[in-house]
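Asks: The structure under discussion is supplied below as structure tokens; questions concerning it will follow.
The values are calculated or read from the model by the stated rules, or taken from the named source; none is laboratory data. For clarity, every value in this text was computed on a predicted model and none was experimentally measured. Because the Cβ atoms are built from the backbone with ideal geometry, glycine has one as well, and the counts that use them run over all protein chains shown. Only protein heavy atoms, including side chains, enter the accessible area calculation; ligands, DNA and RNA are left aside. Shrake-Rupley method; radii C 1.70, N 1.55, O 1.52, S 1.80 Å.
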Amino acid sequence: MQTVVVGTSGTSAQDVVAVARHNARVELGDDAVVALTAAREIVDALAAKPDPVYGVSTGFGALATRHIGHDLRAQLQRNIVRSHAAGMGPRVEREVVRALMFLRLKTVCSGHTGVRPQVAQTMADVLNAGITPVVHEYGSLGCSGDLAPLSHCALTLMGEGEAEGPDGTVRPAAELLAEHGITPVELREKEGLALLNGTDGMLGMLVLALADLDVLYKSADVTAALSLEALLGTDKVLAPELHAVRPHPGQAAAAANMLAVLAGSGLTGHHQDDAPRVQDAYSVRCAPQVAGAGRDTLAHARTVAERELAAAVDNPVVLPDGRVESNGNFHGAPVAYVLDFLAVAAADLGSIAERRTDRLLDKNRSHGLPPFLADDPGVDSGLMIAQYTQAALVSEMKRLAVPASADSIPSSAMQEDHVSMGWSAARKLRTAVGNLARIIAVELYAATRAVELRAQDPALTPAPASRAVIEAVRKAGVEGPGPDRFLAPDLAAAEAFVREGRLVAAVEPVTGPLA
């Protein structure tokens, strides 16, 4: 099992995915323990003084004007966790909660939060035990941190509320901690606040989405190439010298991927044979431009994620010179913007894929393919309704592309009067990513069938990479041309084939690594 060591200098996207999805073990670095101890000494020293310090000896938010005496401070920290654990709605996915918990631990280990080392160790112990707090869909405005989601996680550390055990059963958190020999934490000054004041939920979902979209953009290049091939299009538009005159790196990468897939094809370049075409339709010819713009958007979003992964997001923060200062670093705007930007790019990628699918199915535009790729058109409907499903997904993608970060709703008696809605941006992007995988799967299903129908003519030989895809997808349970059958299982198998990266894995032994 992989082990991820959390130190003072942040973490990587790869480590987040390893912990969230692959249950990597988490350990505290020696530097983190030193930094935690030093920061705690600062907090303890301030707590002993009569002067009020926000988060240490005051209330929170709009109630920060009240000075809290020593005898009530433990209760204050417990109360903030209990009261803020106010989420509602469906449960959030296990991998999202694990990412959120790990990223909060990352900030705690920075030494800027004032949390004791034993609290950080308990966070690591809960992750390593496979205990996942029950976190709900609604409760975060993306400012002052993902408050409700993080509070539900902190509640589990206290041995309260409910959590899911490693067997997938939801039970009282106290029972699960006891079974794994984990002692619930008793929070002291600042610790409750430090456990719930960060952008960890939205950042975790951004990191997971970037990992998924990396696979999906490569997959979309493959299906675009297959569609071009099935439509007897020209690959001349993919020439590197054409893309060099408009030097967007993502565009060049997408064109290179498509060209690699089409290498050796006997189907391309027939666009002036029986049905002369001066040039292919935009959905075919401009595929690298659209996918490339999305790739460049991914690159920008990765830059933002990397900065946030290196950050210590808390309020107040403990500084090395002994100050504990309030700040606004918990505001989710940087993350929220790129989450929304990615949803726009994903919607456009899905939209152009659907247009290629529709072209494959329309006998007036498919250049000789049977209507709807049906075996016996009229008796068979072929892939007519598969495209309906794809169109419905695209329509929802367009709705999901409406930015959440353009909204704000005041809270906390107008103290928190401008919020990022970054959690909402992350949740809708997560839905969009799932839909994009389905849209690409439908294009894959249509394009492979169309290429096989073309290959019935001995003069039209598919590219070696195309043949590798067709062989792999048929082995995965996605059937080829033939009479009508129950389509939902085929589409589900195609979706899994795309989502799990098997489409890219089928191509790369022939093409080499895709960009």
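Asks: Quick one: which strands (runs of 3 or more DSSP E) lie wholly within the range 126-189 and hold at least 3 residues that are within 20 Å of LYS106 (Cβ to Cβ) and in contact with a Cys (Cβ under 8 Å, 6 or more places away or on another chain)?
Replies: none
Asks: Here is a follow-up. Out of ALA476, ALA463, which single residue is open to solvent by less than 40 Å² (accessible area, probe 1.4 Å), closer than 27 Å to ASP235 by Cβ and free of Cβ contacts under 8 Å to residues at least 60 places away in the same chain?
Replies: ALA476
Asks: So which residues in the range 347-373 are open to solvent by less than 10 Å² (accessible area, probe 1.4 Å) and in contact with a Ser or Thr (Cβ under 9 Å, 6 or more places away or on another chain)?
Replies: Once the filter is applied, which keeps residues that are open to solvent by less than 10 Å² (accessible area, probe 1.4 Å) and in contact with a Ser or Thr (Cβ under 9 Å, 6 or more places away or on another chain), the range 347-373 yields ALA353, ARG356, THR357, LEU360, LEU373.
Asks: A follow-up question, please. Find all pairs meeting these conditions: Cβ atoms under 6 angstrom apart; at least six residues apart or on different chains; first residue within the range 155-169 and over 15 Å from MET101 (Cα atoms); second residue of a type in the set (Gly, Ala, Ser) and open to solvent by 40 Å² or more (accessible area, probe 1.4 Å).
Replies: Filtered contacts from the range 155-169: GLY159/ALA174.
Asks: Right, next: Could you please give the count of residues in the range 369-387 that are within 25 Å of ASP221 (Cβ to Cβ) and out of contact with any Gly (no Cβ under 6 Å at 6 or more places or on another chain)?
Replies: 4
Asks: Right, next: Look at the range 449-460 and say how many of its residues are of a type in the set (Asp, Glu), farther than 23 Å from GLU495 by Cα and either at pLDDT 95 or above or open to solvent by less than 10 Å² (accessible area, probe 1.4 Å) (or both).
Replies: Total meeting the criteria: 0.
Asks: Can you pull out the residues in the range 449-462 that are farther than 23 Å from ARG499 by Cα, among the aliphatic types (A, V, I, L, M) and in contact with a Ser or Thr (Cβ under 8 Å, 6 or more places away or on another chain)?
Replies: Answer for the range 449-462, where residues must be farther than 23 Å from ARG499 by Cα, among the aliphatic types (A, V, I, L, M) and in contact with a Ser or Thr (Cβ under 8 Å, 6 or more places away or on another chain): just ALA455.
Asks: Report, ordered by the first and then the second residue, all pairs with beta carbons closer than 8 Å, sequence separation of six or more or different chains, a first member in the range 479-503 that is assigned to a helix (DSSP H, G or I), and a second member that is open to solvent by 60 Å² or more (accessible area, probe 1.4 Å).
Replies: So the pair list comes out as LEU487/ILE385; ASP490/GLU479; LEU491/THR389; LEU491/ARG438; GLU495/ARG438; ALA496/ARG502.
Asks: Could you run through the range 386-404 and say how many residues are open to solvent by 30 Å² or more (accessible area, probe 1.4 Å) and of a type in the set (S, T, N, Q)?
Replies: 2
Asks: Related question: Which ones in the range 375-389 are in a helix (DSSP H, G or I) and closer than 10 Å to LEU361 by Cβ?
Replies: Result: MET384, ALA386, GLN387.
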